[in-house]
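Just below is one structure, and these are the notes that go with it.
The values are calculated or read from the model by the stated rules, or taken from the named source; none is laboratory data. All values reported here derive from a predicted model rather than from experimental measurement. So basically every Cβ, Gly included, is an ideal-geometry build from the backbone, and we count neighbours across all protein chains shown.
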Amino acid sequence: MTAPAKASRVVPPGEATARTRGPYRSSTPADVALLLLGACFLLPLLWLVLASLDADASHETRVPAQAGLENFAAIMTPALLLQPLWNSLVLSTGTAAVTLVAAVLAAYPLSRYRSRFNTPFMYTVLFGTCLPITAIMVPVYGLFVQLELLDSMPATILFMAATALPMAIWMTRNFMDAVPASLEEAAWVDGASRMTALRTIVLPLMRQGLGVVFIFVFIQAWGNFFVPFVLLLSEANQPAAVSIFTFFGQHGAVAYGQLAAFSILYSLPVLALYVIVAKGAGSPFALSGAVRG
Amino acid sequence: MRGPALKTMSLIASALVVLTACTPGAPEDGSKTLKVVYQKTDSFTALETMFQAAKQEFEAANQGVTVELQPIQGNDDDYGTKLALALRSPSTAPDVFYEDTFKVRSDVDAGYLLKLDSHLEGWEDWDKFDDGAKAAGRADDGGTYAVPLGTDTRAIWYNRKVFEAAGITLPWQPRNWQEILDTARKIKANDPSVVPFNMYAGKGTGEGTVMQGFYELLYGTGSMLYDEETKKWVVGSAGFTDSLAFLKTLYDEGLAVTPAEALDANVWKKVFGEWFPNAKLGATVEGSYAPSFWQDGGSYEWPGYEQDMGVAPFPTQDGGGPGAVSMSGGWTLAIGAGTKEPDLAFSFLSTAMNRDNSLAFTLDSSQIAVRSDVAEDSGYQSANPFVKDVSELVSVTRYRPATSDYPRISAAVQEATEAVITGARSPEQAASDYDAAVADIVGGDNTIRK
Amino acid sequence: MAAQTGVRGLLRYLPVLPAVVLLAVFLAGPVLWALHASFTNAGLTGRNARNPDWIGLENYQRLLVDPVFPLSLGLTVLFVLGSAVLGQNLLGLALAVLMRRARRAVSAVVGTTVVAAWVLPEIVAAFAAYAYFSRDGTLNQLLGGLGLDQPDWLYSWPMAAVVLANIWRGTAFSMLVYRAALNDVPSEVAEAAQMDGAGGWQRLAYITLPMIRGSIATNLMLITLQTLAVFTLIWVMTAGGPANASSTLPILAYQEAFRFGDIGYGTAVATVLILIGAVFGAVYIRLLRESKR
């Protein structure tokens, strides 16, 4: 998943654009063209679903001779499924939590005080989002060796949080800007400190936005393969993205049905979370908080 | 409505840090942990079995010591990469690990391996090890850094049924390269659906490409990879180009698998698991460990493989010299230089490699024994009908140059074979690319034209 | 809010500190480490693992003579142009335009399919694409059904396969950006043009596209940066092969550093990639600042 939050203004897919439908009418040629394109996008996914139900699946897409859940049953073992998924959960929740705390703290002064410092800082942060993370993995490995942090979950969480942070700061500040400062001023009069006001007034008002940031970072961390692949070496620490590769990848067992079943179980949480963000979180408001440029 | 969001998040964050920091946990109560890293795949579990047995034995004998087994899933290349990544950092370097003989020197140079001489002195079993095998664990300083688990040789494995069907007289023994091609063409003419004679090539099969393929060719031309006398790498040899040209013939004429199949890192699984048992493959160059896949309890059990398969030494280019070529490798156990418990680690290593465990491992993985007490065991000698044939090849076998540059040279050779079988380069071009790569790796002063 | 002075001003910015520390250690740190290590012959094993030497520009000189590097650079350009600038960008725009004209239900279903490929964890998407393009995969089933040639895509046309796979995976992003942008085009403008007799294509080319050019520029920059960093998709599908025919810069850096154990050289390749990313990042930020003025 490549930073979904990077869209300048993201609209969830199912959301119809009725708001400005303008002069266009529904046309059949457009339907046909769209369905054809959609079919191209659907085909590779179809294999995943069909193969997962087929006990002797190959690369071919075909309706299983005998559909069944054998593949799912075969992978339901603690070592194969639960441990990696638990590791993914720890890694993603940790990354999202660390990112959110750091982003909220950083966004507050950037949103509430005016200073020459703000604009250059925000652009530096934005520049950070442009770093190709795959390019820095070799140096990050070197750095982790020197700091003796290799194969450490907390260190990997901190690194993944750092990579998600630029986008999270940017989004969080936009959400925070939308909360009027006048509300806090009333609290200051009552003698509340700035941090208390942030906690009791500002954050509750932007909790939808915070949820969006949390989920975006979570989804990204959940799907990340390369970072844990390089930084987490022992099997006991590896998240699902890596274990799926070692068990079933090019060099592992050739069990396509189980690979597909594992893939589906591993993908479900992010699909569900995406639906929550796209549908539930009051979409136009929440999602337009992403980079406004 | 109070705003618990930030508080909740920081709670989660701190809980997680505590949680993750605790799980691996350095024990504080005087108990000790040994970390053991080795390779395990769905078709190679002999080592897993051996270490599980050793762990039980060792933990029972040493109260308070925990042996933490950390298998790495992956083929030889993946295993090598992951092990190297872990060795580089003291915090992740294992105490005891499974190490390929050809990496011993470069890892000694890197300071990753513990010198074992003082421990070996007190180990009575050490005298039982074969001298040739002991050399594989020795470094330039004369010290021993790794204990050999076993060794192997390489030969042509052929399917007698396929050969009989094509009317070839058995037992088959080609005397030169031409006879291999003649036989292969005959098989193909008889049944085009059969792959007559496969040799690995390309980067997919990694070290297998050179050990079970290119080196059997190269060393049969009278050329070599490395000149032991001058300590220089050989470049520009006619033998190198001839060897590439032979591969090109095999692949261009469809005598081997398709190039696309050859580049699949799993191709060897098909060789052992599908093509040989189903009589879809005539012959290939493979290791003496081949029966380990087919015997009872192997990954690709094949009752009757003893009757269906035959073995023949790989011939030299024109039948000259000793007439046959073989390559030997093998794996060792080594101890990390940074281990905090060198005595315990060695004690575990010697438990893992005691006579019983060694014998079981040697049989499970069809190794050629490196210990006299294992070699003399009747179970070993009768393990399969091929033990005698492949063991005799020890007399003509060659070893890879034991220098720390070797792994990268090997990668360059694999690259050359891949370029040739895919048609990207001609044998001559690929050979000159190789020469340039070698000069680049070791420096022009360390090469010699021969 | 009063203009801050001195210590008090600094104290107010204290909450930014955790974010700054994370970014400095885990993003700026590796970049600096990369610059340093690319001037050494650090290795994964051998004597250079213990005592790497400072070798100045040697790694960069080697880049210039290594035949694989220009190839890899070219493949990276091809990959970015083919899959991002042309593929994802144009297809995303086409989908967005079609979705405005198609029936609501159709556009919702197709939109969800396109987004699904994008939300899936990258390793799962990579496996699905691998199965789709493999010799006996779905694509060849289709071609066979049409009576056409069935090449071994991952072997004979590796670049075509990874480019198409990346279009499949990444188009959702451009589609979402363009749907949002098209929604912001006031319907009166289009209506006015329609009254003047402008046809659909003319309206798109002369009115709509110029009005959303800001979004187009932003989208192009972002997908270029994302595509530049793609590793997992290619790694799983072809691992850069055969004979380096699909080895883009991230793959090359990984191979050199970890597979061949030449950390110094691999880091030099990574540094080049970081620099390319930095150039695009700088251009992107310029674009944003200008559009803000």
inquiry  = Kindly evaluate residue C:207 against the criterion of being more than 21 Å from residue A:41 (Cβ to Cβ), out of contact with any Pro (no Cβ under 8 Å at 6 or more places or on another chain) and in a helix (DSSP H, G or I).
reply    = yes
remark   = Of those in the range C:81-94 that are in contact (Cβ under 8 Å) with a residue 60 or more places away in the chain and within 15 Å of the chain's Cα centre (by Cα), the residue nearest to residue C:166 (Cα to Cα) is C:83
query = Taking strands (runs of 3 or more DSSP E) that fall entirely within the range B:49-155, which contain at least 1 residues that are surrounded by fewer than 17 Cβ atoms within 10 Å (Cβ to Cβ)?
reply = B:65-73
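Do you know which of the residues in the range C:40-71 that are among the aromatic types (Phe, Trp, Tyr) and within 31 Å of the chain's Cα centre (by Cα) is nearest to residue C:271 (Cα to Cα)?
From the range C:40-71, those among the aromatic types (Phe, Trp, Tyr) are C:54, C:60, C:69; that's our starting set.
Filter again for within 31 Å of the chain's Cα centre (by Cα), leaving C:60, C:69.
Numbers: C:60: 10, C:69: 13 Å.
The residue in question is C:60.
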task = Filter the range C:166-182 down to residues that are at the interface with chain A (Cβ under 7 Å from one of its Cβ atoms) and of a type in the set (Phe, Trp, Tyr) and give me whichever is nearest to residue C:129 (Cα to Cα).
result = C:168
query = Does the range B:168-175 include one or more residues that are within 25 Å of the chain's Cα centre (by Cα), at negative phi and either among the hydrophobic types (A, V, I, L, M, F, W, C) or outside any strand (DSSP E or B) (or both)?
reply = no
inquiry  = Pull out all pairs, ordered by first then second residue, where Cβ-Cβ is under 7 Å, the residues are six or more apart or on different chains, the first lies in the range B:80-92 and is within 7 Å of another protein chain (Cβ to nearest Cβ), and the second is assigned to a helix (DSSP H, G or I) and aliphatic (A, V, I, L, M).
reply    = B:88/A:145; B:88/C:49; B:89/A:145; B:92/B:86
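Taking into account only those residues within the range B:382-418 that are of a type in the set (A, V, I, L, M) and within 15 Å of the chain's Cα centre (by Cα), which is farthest from residue B:108 (Cα to Cα)? Working first, answer last.
Step one: list which residues in the range B:382-418 are of a type in the set (A, V, I, L, M), which gives B:383, B:387, B:390, B:393-394, B:396, B:402, B:409, B:411-413, B:416.
Checking which are within 15 Å of the chain's Cα centre (by Cα) leaves us with B:402, B:411.
Working: B:402: 11, B:411: 20 Å.
Per the stated criteria, the residue is B:411.
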key: Residue within the range B:407-425 that is assigned to a loop (DSSP other than H, G, I, E, B), hydrophobic (A, V, I, L, M, F, W, C) and in the same structural domain as residue B:259 (by TED's automatic domain parsing) present   = yes
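Return yes when residue C:187 is crowded, with 17+ Cβ neighbours inside 10 Å and without any contact (Cβ under 8 Å) to a residue 40 or more places away in the chain and no when it is not.
Details: crowded, with 17+ Cβ neighbours inside 10 Å: no; without any contact (Cβ under 8 Å) to a residue 40 or more places away in the chain: yes.
Answer is no for this residue.
Return the residue satisfying two criteria in turn: it lies in the range C:182-204 and is in a helix (DSSP H, G or I) and small (Gly, Ala, Ser), and of such residues it is farthest from the chain's Cα centre (by Cα). Full working, then the answer.
Residues of the range C:182-204 in a helix (DSSP H, G or I): C:182-183, C:187-195, C:200-204.
Retained after the next criterion (residues that are small (Gly, Ala, Ser)): C:187, C:190, C:192-193, C:200.
Numbers: C:187: 33, C:190: 33, C:192: 38, C:193: 36, C:200: 31 Å.
Step by step, filter the range C:182-204, then rank; the result is C:192.
Kindly indicate whether residue A:238 is surrounded by fewer than 24 Cβ atoms within 10 Å (Cβ to Cβ), over 30 Å from residue B:72 (Cβ atoms) and either touching a helix residue (DSSP H, G or I) at 6+ places or on another chain (Cβ under 7 Å) or at the interface with chain C (Cβ under 10 Å from one of its Cβ atoms) (or both). Before you say what the answer is, go through the steps one by one.
Values: surrounded by fewer than 24 Cβ atoms within 10 Å (Cβ to Cβ): yes; over 30 Å from residue B:72 (Cβ atoms): no; either touching a helix residue (DSSP H, G or I) at 6+ places or on another chain (Cβ under 7 Å) or at the interface with chain C (Cβ under 10 Å from one of its Cβ atoms) (or both): yes.
Considered against the rule, which asks whether it is surrounded by fewer than 24 Cβ atoms within 10 Å (Cβ to Cβ), over 30 Å from residue B:72 (Cβ atoms) and either touching a helix residue (DSSP H, G or I) at 6+ places or on another chain (Cβ under 7 Å) or at the interface with chain C (Cβ under 10 Å from one of its Cβ atoms) (or both), residue A:238 comes out as no.
Take the residues of the range C:234-283 that are of a type in the set (Val, Ile, Thr) and over 29 Å from residue C:48 (Cα atoms): which is nearest to the chain's Cα centre (by Cα)? Break it down stepwise before answering.
Filtering the range C:234-283 for residues of a type in the set (Val, Ile, Thr) gives C:234, C:236, C:238, C:248, C:251, C:263, C:267, C:269, C:271-272, C:274, C:276, C:279, C:283.
Cutting the leftovers down to over 29 Å from residue C:48 (Cα atoms) gives us C:234, C:236, C:238, C:279, C:283.
Numbers: C:234: 12, C:236: 17, C:238: 18, C:279: 14, C:283: 16 Å.
Step by step, filter the range C:234-283, then rank; the result is C:234.
Scan the range A:143-154 and give yes if some residue there is farther than 14 Å from residue A:99 by Cα, away from chain C (no Cβ under 11 Å), buried (at least 19 other Cβ atoms within 10 Å of the Cβ) and over 27 Å from the mean Cα position of the chain (by Cα), otherwise no.
Filtering the range A:143-154 down to residues farther than 14 Å from residue A:99 by Cα leaves A:143-153.
Applying the additional criterion that residues be away from chain C (no Cβ under 11 Å) yields A:148, A:150-153.
Keeping just the survivors that are buried (at least 19 other Cβ atoms within 10 Å of the Cβ) gives A:150-153.
Narrowing further to those that are over 27 Å from the mean Cα position of the chain (by Cα): none.
Checking the range A:143-154: not a single residue is farther than 14 Å from residue A:99 by Cα, away from chain C (no Cβ under 11 Å), buried (at least 19 other Cβ atoms within 10 Å of the Cβ) and over 27 Å from the mean Cα position of the chain (by Cα).
Please verify whether residue C:288 is among the aliphatic types (A, V, I, L, M), crowded, with 23+ Cβ neighbours inside 10 Å and either over 17 Å from the mean Cα position of the chain (by Cα) or modelled with pLDDT of 80 or more (or both), treating the condition exactly as stated. If you could, list the steps in order and put the result at the bottom.
Working: among the aliphatic types (A, V, I, L, M): yes; crowded, with 23+ Cβ neighbours inside 10 Å: no; either over 17 Å from the mean Cα position of the chain (by Cα) or modelled with pLDDT of 80 or more (or both): yes.
For residue C:288, the condition - among the aliphatic types (A, V, I, L, M), crowded, with 23+ Cβ neighbours inside 10 Å and either over 17 Å from the mean Cα position of the chain (by Cα) or modelled with pLDDT of 80 or more (or both) - is not met.
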query = Residue check, residue A:57 against (1) surrounded by fewer than 17 Cβ atoms within 10 Å (Cβ to Cβ); (2) small (Gly, Ala, Ser); (3) outside any helix (DSSP H, G or I), all met but one. Which one?
reply = (1)
message = So, in the range C:50-80, exactly how many residues are free of Cβ contacts under 8 Å to residues at least 12 places away in the same chain and either under 30 Å from residue B:337 (Cα atoms) or charged (D, E, K, R) (or both)?
response = 3
note = Taking first residues from the range B:166-186 that are assigned by TED's automatic domain parsing to the domain that holds residue B:252 and second residues anywhere that are part of a helix (DSSP H, G or I) and hydrophobic (A, V, I, L, M, F, W, C), the pairs with Cβ under 7 Å that are 6 or more apart or on different chains are B:166/B:187; B:170/B:163; B:172/B:163; B:174/B:180; B:177/B:246
query = Can you name the number of the only condition in (1) under 30 Å from residue C:256 (Cα atoms); (2) assigned to a helix (DSSP H, G or I) that residue A:104 fails?
reply = (1)
query = With A:72, A:41, A:121 as the choices, which residue is buried (at least 17 other Cβ atoms within 10 Å of the Cβ), at the interface with another protein chain (Cβ under 10 Å from one of its Cβ atoms) and under 30 Å from residue A:256 (Cβ atoms)?
reply = A:41
query = Between a first residue in the range C:162-180 that is surrounded by fewer than 24 Cβ atoms within 10 Å (Cβ to Cβ) and a second residue that is outside any helix (DSSP H, G or I), which pairs have beta carbons less than 6 Å apart while being 6 or more apart in sequence or on different chains?
reply = C:180/A:9; C:180/A:11
message = Just to be sure I understand, how many residues within the range A:54-71 are under 21 Å from residue C:142 (Cα atoms) and of a type in the set (A, V, I, L, M, F, W, C)?
response = 3
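Determine if the range A:179-187 includes at least one residue that is acidic (Asp, Glu), over 19 Å from residue C:28 (Cα atoms) and either part of a helix (DSSP H, G or I) or facing chain C (nearest Cβ under 7 Å) (or both).
Just the residues of the range A:179-187 that are acidic (Asp, Glu), to begin with: A:184-185.
With the extra rule that they be over 19 Å from residue C:28 (Cα atoms), the set shrinks to A:184-185.
Remaining after also requiring either part of a helix (DSSP H, G or I) or facing chain C (nearest Cβ under 7 Å) (or both): A:184-185.
Taking every residue of the range A:179-187 in turn, at least one turns out to be acidic (Asp, Glu), over 19 Å from residue C:28 (Cα atoms) and either part of a helix (DSSP H, G or I) or facing chain C (nearest Cβ under 7 Å) (or both).
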ask   = For the range B:229-279, what are the residues that are within 22 Å of the chain's Cα centre (by Cα) and among the acidic types (Asp, Glu)?
value = B:261, B:264, B:274
When residues of the range A:26-38 are limited to those that are within 8 Å of chain C (Cβ to nearest Cβ) and within 19 Å of residue C:171 (Cα to Cα), the one surrounded by the most Cβ atoms within 10 Å (Cβ to Cβ) = A:34
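Being under 13 Å from residue C:100 (Cβ atoms) and at pLDDT 80 or above is the filter here, so list the residues in the range C:177-202 that pass it. Let's see the steps before the verdict.
Residues of the range C:177-202 under 13 Å from residue C:100 (Cβ atoms): C:178-185, C:187, C:190, C:200.
Selection gives C:178, C:179, C:180, C:181, C:182, C:183, C:184, C:185.
Scan the range C:256-271 and give yes if some residue there is in a loop (DSSP other than H, G, I, E, B), at the interface with chain A (Cβ under 7 Å from one of its Cβ atoms) and either within 24 Å of residue C:31 (Cα to Cα) or at pLDDT below 90 (or both), otherwise no. Don't jump to the end; show me each part of the working.
Kept after step one, since they are in a loop (DSSP other than H, G, I, E, B), are these residues of the range C:256-271: C:260-262.
With at the interface with chain A (Cβ under 7 Å from one of its Cβ atoms) added as a condition, the list becomes none.
No.
Quick one: is residue B:341 more than 21 Å from the chain's Cα centre (by Cα), of a type outside the set (A, V, I, L, M, F, W, C) and farther than 21 Å from residue B:158 by Cβ? Before you say what the answer is, go through the steps one by one.
Numbers: more than 21 Å from the chain's Cα centre (by Cα): yes; of a type outside the set (A, V, I, L, M, F, W, C): yes; farther than 21 Å from residue B:158 by Cβ: yes.
So residue B:341 passes the test.
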